[in-house]
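Comments concern the structure below.
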Amino acid sequence: MTPPIAVSPSLPLVDLGRQQASIEDAVLAKVRQVITGGRFVLGAEGKAFEQEFAAYLGVGHCIGVASGTDALALILRALGIGSGDEVITAASTFVATAEAIALVGARTALADVTADTDTIDVGQVERRITARTRAVIPVHLYGQPADMAPLLDLARRRGLAVVEDAAQAHGAVVCGQKAGTLGDAAAFSFYPAKNLGAYGDAGAVVTNDDRLAAAVRRLRNHGGLDKYAHELVGQNSRLDELQAGILRVKLPHLDAWNARRRRHARAYDRLLSAIPGVALPHAVSDRTHVYHLYVIRVDPARRDALRAHLWNRGVETGIHYPVPVHLTPAFTHLGHKRGEFPVAEALAGAVLSLPMFPELTEEEITYVAAEIDAFMNGKASGEAGG
Ligand SMILES: *Cc1c(COP(=O)(O)O)cnc(C)c1O
């Protein structure tokens, strides 16, 4: 969905250039070091990044892979999940979560999200468990951890694996632990716009389970640890040395970048809270939200007009996500109808993601909030109301 008037925004949803400028020398030095070293796949950078990211999270193993989607699918494969099995995930997520389940041949079972957290409704998960259910994938959506304590309890009681989709939650905290360290395993994405982003596609599997880690390590590398030692039918999904090196340059900044995202969220909260018709992002006090996205909700009848207004004022926004999984064309085979996951459907119509990245300025936040105020209160000049 492209807003109607094609002016390039002066304030993008995510400005990767500002971050690049702040670390450019270190990144270029690392790129030079890797390319002159001449080792591009499964070398020292990848190994060092795996150790450093595992230490950052406080988890036993990290295995670098090619993307977040691959990370999810590799975990499911390593758990032996495939055809005939079912995996439950949230109806409101980026499509990759559902896709990974389908990729391994399992059936994607959906549960709605809760209206107060946007994350998976544990009560609904329980109702959707069948004899074929093997795992559940909570998604730490927008950077807010899912409700892990009751979910882990349910999974333990019913013998299900818990695979965290932590693609939006690098550094988030729930139950006193980093998101991604609570379940049987977790998938991270380092897609460039994520809180920790590479300069291309990249991802990681993390786990405390030695056997699961060993299986993923083989599966990502043609089924073996050494060349031509193919113990399993694997695949090619490795984190390359350039991306690993760049991630090593960026990882030490992650906490400071997340702190800035949280500060920006507080500023938006403060400025937007007085505007009628704007619902602030859900933040739950017992969890550390890392604001991969800052997502407000407005009346669906006015959402797209607000978006166009902001675009006309030079502000890019996003919609995460415009269509819930069950209404996505690729998943019509699941046989769901409109109305089956009402919270996810309502979110899709109401959400609007505002510019959010660490290098955002206070002036920019104030400007965005003032433009939202002008539109919502009918003070916007030169426009047919909203
Ligand atoms: C980005 C993302 C993924 C997929 O990661 P890729 O690296 O793009 O494959 C999966 N789940 C969620 C929630 C994401 O945001």
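Residues in segment 123-146 that are within 21 Å of the chain's Cα centre (by Cα) and without any contact (Cβ under 8 Å) to a residue 60 or more places away in the chain: Val125, Ala135, Val136, Pro138, Val139, His140, Leu141, Ala146. Residue count for segment 108-128 satisfying the condition of being surrounded by fewer than 19 Cβ atoms within 10 Å (Cβ to Cβ) and of a type in the set (A, V, I, L, M, F, W, C): 1.
Taking helices (runs of 4 or more DSSP H) as the structural unit, those lying wholly within segment 8-103 and holding at least 2 residues that are over 21 Å from Phe188 (Cα atoms) and either touching a residue at least 40 places away in the same chain (Cβ under 8 Å) or within 16 Å of the ligand (Cβ to nearest atom) (or both) correspond to 16-37. Per the listing Gly143, Gly176, the residue uniquely away from the ligand (no atom under 12 Å from the Cβ) and farther than 19 Å from Leu76 by Cβ is Gly176. In segment 104-132, the qualifying residues are those that are modelled with pLDDT under 95 and away from the ligand (no atom under 16 Å from the Cβ), and the one that is nearest to Pro324 (Cα to Cα) is Ala115.
The values are calculated or read from the model by the stated rules, or taken from the named source; none is laboratory data. Not measured: the values here are computed from a predicted model. Because the Cβ atoms are built from the backbone with ideal geometry, glycine has one as well, and the counts that use them run over all protein chains shown.
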